[in-house]
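To start, the structure itself, in structure tokens.
Each reported figure results from applying straightforward, stated rules to the coordinates on display, with no laboratory input. None of these values were measured; they are calculated from a predicted model. Here the Cβ positions follow ideal geometry from the backbone for every residue, glycine too, while neighbour counts run over all protein chains shown.
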Amino acid sequence: MERFALWLALAFALAACAFSGSAHAQIVLKGMAAQGAVAQTPRVRAELVAQAPDGIVAGQTFWLGLRLEHQSGWHTYWKNAGDSGLPTEFSWQLPAGLSAGSIAWPAPHALRVGPLVNYGYEDTVLLPVPVRVATDFKAPASGQVNVHLSANWLICRVECIPESGEFQLQIPVQGTTASHSQDFAQAQALQPAALAAAGQATVMPGAQPSEAKLVDDRIRLRIPGLPAAVRGKPLDFYPENAETFHHAAEPGKDWQQRWEGDTWIGESLPLSDLRGQTPGQLAVVLALPQQERAAALAQGRPVAWRSELAVQGQWTPATLASVSPALAAALEANRAAADSPAPAGSGATGSASLWAALLGGLVGGLILNLMPCVFPVLAIKVIGFARHGSNGRAQRLGGLAYAAGVILSFLALGALLLALRAAGQQLGWGFQLQSPAVVALLAALFTLLGLNLAGLFEFGNLLPGRLASVQARHPVADSFLSGVLAVAVASPCTAPFMGASLGFAIDMPALQALTVFAALGVGMALPYLLACFVPAVVRWLPRPGAWMQTFRHAMAFPMFATVVWLVWVLGQQSGVDGAAALLALLLALSALIWALHLQGRTRWVLSAAVLLLSAGLLWHAVPLIAAEAPAASARTDDKSLWQPWSAERVQAARSQGRPVFVDFTAAWCVTCQVNKRTTLSHPDVMAAFEKNQVQLLRADWTRQDPAITQALHALGRSGVPVYVLYAPGRQPVVMTELLTRGEVMEALGTL
């Protein structure tokens with residue numbers, strides 16, 4: 001490398017890491033604080049809205065609400081979530097004189113997920129909250145009140161993802177705020193109407209069961225005062241008390257409902273196995289079935305009714321499970337053995353796991369040097385070895401500095417990954433290349449390095465003399481930065497042994513996890529350290545001479561090949577428009593380098609013109625680069641064979657007794673692409689898949705996908721590639737990162 005080149009590499013690497021870290025730290029809050037009242041995630045659009053048609057008047061009430069637009073298949077939860085889930089929670093910050101009440105929950109509907117039943121909302125729902133204005137309320141001088149809401153919700157399909165948002169809204173005191181009147185009217189119509197007549201819940205003691213079961217107590221409900229329009233119709237039953245009733249019990253099968261005049265009676269409703277002590281009252285909601293609500297709303301009739309029932313009798317509460325005296329003694333002995341020091345020579349399981357992870361990290365780091373991601377940097381190191389010639393001391397110092405750059409960079413990436421995961425992000429190894437901005441920055445860096453190696457320009461001719469002599473004055477720093485650059489390029493790869501080690505590291509305490517990352521760095525730097533400290537290793541290189549210039553020019557092509565790969569990666573992330581925008585920026589960057597290389601006044605005139613052009617291109621290119629490619633999750637090479645991965649597809653195929661092969665991949669993972677084109681597309685492998693009727697699924701992790709991250713984590717992995725075969729009645733088979741035909745054929749042969 002020429003002068004200043006690796007200093008520039010460090011600047012790009014630091015910018016990329018900083019941008020990647022900040023971008024991922026904002027994923028949960030994406031679009032929330034910045035856009036004020038609106039929050040957007042891939043699963044839901046949330047908006048803080050207000051209903052104050054008469055303005056904010058002292059002594060009166062106006063309404064605020066969170067409007068949730070769920071993507072198809074996703075849902076959030078009611079005040080009683082049912083067998084699983086969590087209700088949406090609000091935390092308000094309001095000006096003096098305003099006080100928010102509780103959520104006026106619209107009637108939910110049942111959501112059956114396997115053997116469980118939850119209560120919640122799909123499609124679009126508004127969760128309204130009344131806000132009481134004090135009689136002594138004084139309007140701010142600005143004439144507007146600022147409302148701040150911190151909201152937390154759990155959104156689920158089959159997998160569940162906790163999300164949160166910070167919302168800001170300004171409401172005029174004197175003006176009219178009523179742009180969402182229809183939403184508030186709909187929410188008001190869906191709220192259960194209170195029944196005036198008192199209801200009753202009677203405990204019906206069950207028969208004495210065996211020792212292993214709870215007493216089978218049941219409940220009879222009597223709810224009078226229901227309107228004539230619904231008498232005789234079956235109604236849906238929603239208890240407000242959590243962990244009281246058995247939510248998955250089916251009416252007509254596990255319990256019965258009938259009518260006596262205007263009184264709805266629920267017979268023998270089963271209680272939850274997690275029930276506590278008997279309360280004095282039970283609050284319940286009866287509602288029309290989901291398919292009948294639209295007609296009732298159109299006629300202006302209520303769709304749900306709420307009743308508070310006095311409880312008569314006492315049920316048997318669930319208690320903590322008890323164990324036999326013999327089992328209790330055995331558990332106590334196990335606890336004592338765990339607390340006592342381990343005998344000499346016997347390592348604890350945690351220690352064994354740590355040593356295995358360290359060994360795997362060391363070997364994985366060694367093999368990482370063979371990954372195609374690292375090849376351009378290998379060229380830089382080869383030139384560096386030849387330049388030092390017989391200067392053994394310079395070689396040794398350079399090797400130590402290079403190793404320090406590699407190890408510290410792995411530690412920095414590991415610390416950033418652990419910090420973001422601790423903050424709630426679903427991330428894995430290679431997460432930085434899930435950001436299109438980081439991919440674009442790396443493409444610009446490699447374009448500059450390629451132009452420099454090709455001899456188009458010399459950094460020393462573009463920079464002041466003091467800066468241009470940095471490398472000559474600080475060769476150790478030059479070697480350190482080449483180690484940083486090597487890790488920046490190699491980090492997306494997952495070498496054999498490395499995937500399992502990273503999977504272990506993610507779940508370890510921070511200090512132990514960072515030790516594993518350091519072991520990766522040691523493994524990657526070890527060959528260069530040997531080359532620097534053992535002269536025989538590099539003795540085969542010819543002496544410095546004219547060949548170095550030719551070799552240097554030739555090494556520009558691997559740099560440009562890396563740029564081609566990065567542009568392709570960006571195209572997978574942001575679409576063809578994003579890739580074209582990046583190419584335009586790289587062209588402008590090359591033109592700027594050419595202009596700065598000229599002499600005289602022409603240099604500055606052309607440089608200024610290119611800078612102005614580049615600024616305009618940048619303004620238009622950034623949104624295209626940051627955009628998400630249409631149907632990115634559905635990209636496959638052969639859509640007739642490979643289908644996009646989802647947890648539901650895996651479960652559906654396995655429930656049918658069909659084997660499933662999952663390819664966890666990403667466009668920025670070079671190893672993934674090599675395996676895809678050499679092994680997974682081989683005719684023998686595809687014929688074996690077809691013969692065994694294997695469901696082929698591809699999990700595309702090119703952009704961040706929390707569901708894929710969770711699936712990788714469940715397999716003990718933190719990055720891609722990962723290849724898994726799910727065979728009926730067996731544990732998943734996780735294959736090696738460098739996939740071979742023999743390995744796949746052997747696994748399929750056991751079906």
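Quick look at the numbers
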item: Highest-first arrangement of 219-225, 138-144, where packing means the average Cβ count within 10 Å; result: 219-225, 138-144
item: Neighbour-count order for 532, 156, fewest beta carbons within 10 angstrom listed first; result: 156, 532
item: Contour excess over end-to-end distance, with Cα ends at residue 200 and residue 549 and 0.36 nm allotted per residue; result: 116.3 nm
item: Ordering of 264-273, 437-446 by packing [mean C-beta count within 10 Å, highest first]; result: 437-446, 264-273
item: Relative contact order of the range 194-312, defined on C-alpha pairs under 8 angstrom at six or more residues apart (%); result: 32 percent
item: Mean Cβ count within 10 Å, highest first, over the residues of peptides 555-567, 48-60; result: 555-567, 48-60
item: Per-selection Kirkwood Rh - the range 194-312 (Cα, Å, 1 d.p.); result: 15.1 Å
item: Relative contact order (%) - criterion: Cα under 8 Å, at least six apart; region: the range 632-749; result: 34 percent
item: Nitroxide proxy distance, nm - points 7 Å out along Cα→Cβ at residue 576 and residue 229; result: 5.5 nm
item: Furthest towards positive pole of dipole, 259, 283, 221, structure part the range 194-312, Cβ charges; result: 259
item: Lys, Arg +1 and Asp, Glu -1 on Cβ, resulting dipole of the range 38-191 about Cα centre, debye, nearest 20; result: 100 debye
item: Computed lengthening from residue 743 to residue 99, 0.36 nm per intervening residue step minus Cα-Cα distance; result: 225.3 nm
item: Virtual paramagnetic centre 7 Å along Cα→Cβ of residue 58, amide N under 19 Å, in the range 99-135; result: 99-100, 131-135
item: Share of alpha-carbon pairs per 10 Å distance bin for the range 38-191, given as whole %; result: 11, 40, 31, 14, 4, 0
item: Per-pair calculated FRET efficiency, R0 = 25 Å: residue 557 and residue 602 via Cβ, rounded to 0.05; result: 0.25
item: In nm, spacing of pseudo-spin labels at residue 258 and residue 615 (7 Å Cα→C-beta vector); result: 8.4 nm
item: Convex hull volume per residue for the range 632-749, taking Cα atoms only, in Å³; result: 98 Å³
item: Linear extension gain, residue 511 paired with residue 265, 0.36 nm per residue minus alpha-carbon span; result: 82.5 nm
